[in-house]
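Engineer: Before I ask anything, here is the structure I am working with.
The values are calculated or read from the model by the stated rules, or taken from the named source; none is laboratory data. The structure displayed is predicted, hence computed values, not measured ones. Note: ideal-geometry Cβ built from the backbone for every residue, glycine included; neighbour counts use all protein chains shown.
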Amino acid sequence: MIIVLVVMLHNICGLGLGYFLGRLLRLSEPKKRAISIEVGMQNSGLASSLATLHFAAYPLATIPGAIFSVWHNISGAIVAYIFRK
């Protein structure tokens, strides 16, 4: 369960940091949203592949990447809904 919480926190921090960085730079709203999505959505497939390659002795190292894959679909839909408002 701790991995799920860390994955969610990592993603939420990335989305928020991206948006507030755009705000700090006084960018337009579409650019703030784009930066938020770019910073918040990481490549979970790459994470799983790298974990498999470099941590072959630890097969559980791929679990965070798999959880990221699911969570990003959920958080992306939530962020899109919020940005639509």
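Engineer: Can you run down the residue pairs with Cβ atoms below 6 Å, 6 or more apart or on separate chains, where the first is in segment 18-45 and under 16 Å from Ile78 (Cβ atoms) and the partner is surrounded by 14 or more Cβ atoms within 10 Å (Cβ to Cβ) and among the aromatic types (Phe, Trp, Tyr)?
Structural biologist: Arg33/Phe83; Ser36/Tyr19
Engineer: Restricting attention to segment 60-85, which residues are in a helix (DSSP H, G or I) and out of contact with any helix residue (DSSP H, G or I) (no Cβ under 8 Å at 6 or more places or on another chain)? Let's see the steps before the verdict.
Structural biologist: At the first step, the residues of segment 60-85 found to be in a helix (DSSP H, G or I) are 60-84.
Residues satisfying the conditions are Leu60, Val70, Asn73, Ile74, Ala77, Ile78, Ala80, Tyr81, Ile82, Arg84.
Engineer: Can you name the residue in segment 8-46 that is surrounded by 18 or more Cβ atoms within 10 Å (Cβ to Cβ) and more than 8 Å from the chain's Cα centre (by Cα) and is also nearest to Tyr81 (Cα to Cα) among such residues?
Structural biologist: Checked segment 8-46; the qualifying residue nearest to Tyr81 (Cα to Cα) is Arg33.
Engineer: Sort out which residues of segment 39-59 are touching a helix residue (DSSP H, G or I) at 6+ places or on another chain (Cβ under 6 Å) and either within 15 Å of Val6 (Cα to Cα) or assigned to a helix (DSSP H, G or I) (or both), and write them in order of number.
Structural biologist: To start, the set of residues in segment 39-59 that are touching a helix residue (DSSP H, G or I) at 6+ places or on another chain (Cβ under 6 Å) comprises 39-41, 44, 47-48, 51-52, 55.
Within segment 39-59, Val39, Gly40, Met41, Ser44, Ala47, Ser48, Ala51, Thr52 qualify.
Engineer: Still on this structure, I have one more. Return the residues of segment 15-33 that are over 21 Å from Leu5 (Cβ atoms) and assigned to a helix (DSSP H, G or I); say none if nothing qualifies.
Structural biologist: The first filter runs over segment 15-33 and keeps only residues over 21 Å from Leu5 (Cβ atoms), leaving 19-33.
Matches in segment 15-33: Tyr19, Phe20, Leu21, Gly22, Arg23, Leu24, Glu29, Pro30, Lys31, Lys32, Arg33.
Engineer: Sticking with this structure for a sec: Ser36: part of a helix (DSSP H, G or I), modelled with pLDDT under 90 and hydroxyl-bearing (Ser, Thr, Tyr), yes or no?
Structural biologist: Details: part of a helix (DSSP H, G or I): yes; modelled with pLDDT under 90: no; hydroxyl-bearing (Ser, Thr, Tyr): yes.
Against the criterion (part of a helix (DSSP H, G or I), modelled with pLDDT under 90 and hydroxyl-bearing (Ser, Thr, Tyr)), Ser36 does not qualify.
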